[in-house]
Amino acid sequence: MKLTPYWLDTATPSGDYRRTPVPERADIAIVGAGFTGLSAALEAAQHGASVVVLDSHTVGWGASGRNGGMATTGLAIGLGKAIKRYGQARALEMFSEYNQAIDTIEELVKEHSIDCDFQRSGKLTLAMNAKQVGQMRQTQETLAKLADYSVTVVDKPDLHSEIGTDFYAGGMVDPLGAGVHVGKLAHGLAEAGTRAGVTICEDAQVTELAARPGGGHSVRTTRGVIDVDRVLVATSGYTGSLTPWLQRRTIPVGSFIIVTEPLPIETAQRILPRNRQAADNKMLTYYFRLTPDNRLLFGGRARFALSSPDSDLKSAEILKRAMSAVFPFLSSARIDYTWGGLVDLTMDQMVHAGERNGVHYSLGYSGHGVQMATYMGKQMALSMLGKPSRNLWEHLPHPAVPGHFGPPWFLPIIGGYAKVVDRFS
């Protein structure tokens with residue numbers, strides 16, 4: 001069993017950027033070589049800016065290469081809650097932004113000929129009980145009435161047309177959800193960026209952002225110092241002490257994944273006959289999908305702990321038991337990969353993007369980062385260059401996590417709360 005993300009292990013690297021010299025000068029420096037940073041770099045370079053991307057590890061090493069590979073529709077808080085919080089018009093605008101984000105991935109894939117197994121196979125949200133199925137019907141009616149948007153609710157007697165298990169009480173299908181090989185997408189964006197003139201520097205940890213008296217920043221890294229006019233922080237769940245203000249507002253939550261051996265085609269088709277991107281609606285959610293080579297990827301908040309080899313192995317045991325409970329016929333399937341990573345939650349579970357003290361940022365994707373990070377990277381690049389852009393999240397209140405000044409000591413509390421919610425929902 002490999003303790004490395006399947007996506008990165010099965011993607012051909014776009015290059016080795018570990019020895020790329022850190023330039024002395026650039027228009028824009030981007031901290032983080034994930035989807036936000038790579039998308040922003042590509043967009044900015046296409047508009048003629050000189051751009052350097054700096055990462056303490058390698059392209060796609062963080063959240064962008066450690067997720068489920070799902071680009072799915074809908075807000076993390078749900079449309080109903082968004083309407084109550086922000087009003088109908090604004091909530092619907094936010095909802096549609098996620099669809100635009102998926103469209104952006106599709107456009108980038110086509111424009112730059114990125115071979116990353118992008119497919120609009122649809123999103124399957126699964127209910128644990130009849131009450132949740134009823135809530136899905138309310139969502140279906142709300143979307144049809146207010147947004148002219150069509151989803152399908154599947155009752156338990158018909159659920160085998162979507163998934164090969166009796167574990168769930170029903171489901172809801174949104175046909176616009178997509179799956180993608182995120183390792184190939186990350187390296188595809190990196191390759192497109194370098195063709196456009198982007199400089200990528202791996203193994204170049206940013207240690208200081210020092211504002212210059214005349215404007216801009218001196219960006220100190222472990223491989224050199226670079227003077228730039230603008231900085232974009234794109235560190236997602238790995239936001240740390242480099243940006244204390246953002247660190248206090250970012251909750252890094254471990255998300256863990258296992259991937260089986262390649263399965264016989266008839267077994268794969270039994271699991272998900274329509275190849276949907278699937279997730280249930282517990283707080284401690286299970287999410288799963290088939291990979292392009294017919295493995296089952298099965299993930300979840302197995303433990304409210306940070307990723308480490310020991311933690312990942314413990315999580316693999318938990319997830320293997322969960323997978324076998326959902327799909328008993330997979331109880332003897334070999335697990336070939338397990339890994340953990342950090343997703344970035346915020347107090348309100350909303351995206352937050354903007355500028356503070358001359359430093360631009362975009363994060364808080366709350367489990368929807370594949371599409372929203374890619375989309376917001378592009379929007380932040382346009383904003384930094386003074387061009388028309390869309391940022392619906394710019395003026396949202398961005399509260400800090402009380403008592404959060406370093407390591408997330410509060411994760412076990414969140415985990416305990418989530419278990420209580422799931423038990424009584």
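The values are calculated or read from the model by the stated rules, or taken from the named source; none is laboratory data. Please read all numbers here as calculations on a predicted model, not as lab measurements. We place every Cβ from the backbone using ideal geometry, glycine too, and count neighbours over all the protein chains shown. For accessibility, only protein heavy atoms count, side chains too; no ligands or nucleic acids. Shrake-Rupley method; radii C 1.70, N 1.55, O 1.52, S 1.80 Å.
Taking amide H positions as modeled 1.01 Å from N, with prolines and chain starts lacking one, the residues under 5 Å from residue 50 and 5 or more places away or on another chain are 27, 28.
When only Cα pairs below 8 angstrom with a gap of at least 6 residues are kept, the range 176-230 shows a relative contact order of 21 percent. Among beta bridges identified by DSSP and lying wholly in the chain, the antiparallel ones come to about 70 percent.
Any idea how far the Cα center of the range 54-102 sits from the one of the range 237-310, in Å? Taking the Cα centre of the range 237-310 as reference, the centre of the range 54-102 is 15 Å away. Mean separation of Cα pairs under 8 Å and 6+ residues apart, divided by the residue count of the range 74-220: what relative contact order is that in percent? Contact order relative to length: 24 percent.
What does the charge count around residue 242 come to, taking other residues whose C-beta lies under 13 Å from its C-beta (Lys +1, Arg +1, Asp -1, Glu -1)? Summing Lys and Arg as +1 and Asp and Glu as -1 gives 0. Candidate cross-link partners of residue 84 among the aspartates and glutamates, defined by an alpha-carbon separation under 15 Å and a same-chain spacing of 8 or more, comprise 93, 348. Computed from backbone phi, the HN-Hα couplings of the range 75-80 come to 6, 4, 8, x, 5, x Hz, rounded to whole numbers (Karplus: 6.51 cos²θ - 1.76 cosθ + 1.60, θ = phi - 60°; Gly and Pro given as x). Prolate is the label for the range 190-238, because the ratio a/c of its alpha-carbon gyration tensor axes (a ≥ b ≥ c) is 1.5 or higher and a/b is greater than b/c. Net charge of the neighbourhood of residue 229, taken over other residues with C-beta under 12 Å away and scored Lys/Arg +1, Asp/Glu -1, is +1. Using θ = phi - 60° in the Karplus curve 6.51 cos²θ - 1.76 cosθ + 1.60, the 3J(HN,Hα) couplings for the range 82-94 round to 5, 4, 5, 7, 10, x, 4, 4, 5, 4, 5, 5, 5 Hz; x is entered for Gly and Pro. For trypsin sites (Lys or Arg not before Pro), the sites in the range 291-386 that DSSP calls loop and that have at most 15 other Cβ atoms within 10 Å are 334. What is the range 1-84 by shape, rounded, prolate or oblate, if you read a ≥ b ≥ c off the alpha carbon gyration tensor as root eigenvalues and call it rounded for a/c under 1.5, prolate for a/b larger than b/c, and oblate otherwise? Cα axes put the range 1-84 in the oblate bin.
Amide H contacts for residue 337 (H built 1.01 Å from N in the peptide plane; partners 5 or more residues away or on another chain; cut-off under 5 Å): 2, 259. Computing semi-axes √(5λ) of the Cα gyration tensor in Å directly from the structure and comparing it against [x] 34, 24, 21; [y] 60, 38, 20; [z] 28, 26, 22 singles out [x].
By the rule of a C-alpha distance below 17 Å, with chain neighbours fewer than 8 residues away ignored, the lysines paired with residue 184 are 110. Residue separation of residue 90 and residue 57 scaled by 0.36 nm, minus their Cα-Cα distance, works out to 8.1 nm of gained length. Checking the cross-link pairs 81/314; 123/156; 81/320 against a 24 Å limit on the alpha carbon distance flags 81/314; 81/320 as lying beyond it. As a length-normalised measure over Cα pairs under 8 Å and 6 or more apart, the relative contact order of the chain settles at 24 percent. Length available on full extension from residue 261 to residue 130: 0.36 nm per residue minus the Cα-Cα distance, which gives 43.8 nm.
Heavy atoms of the protein chains alone define the surface here; on that basis the chain has 41 Å² accessible area per residue at 1.4 Å probe size. Each part gets one Cα centre, and for the range 178-226 versus the range 145-172 those centres are 42 Å apart. Less than 5 angstrom separates the built amide H of residue 71 from those of 178, 179, 180, all sequence-distant by 5 or more or on a different chain.
Dividing the helix sum by the residues of the chain, where each DSSP H run of 4 or more adds -39500 (n - 2.57), gives a mean residue ellipticity at 222 nm of -10500 deg cm²/dmol.
If the chain linking residue 220 and residue 10 were pulled fully straight, counting 0.36 nm for each residue of separation and taking away their Cα-Cα distance, it would gain 72.3 nm.
Taken along the Cα-to-beta-carbon direction at a fixed 7 Å, the label points for residue 160 and residue 389 span 5.2 nm.
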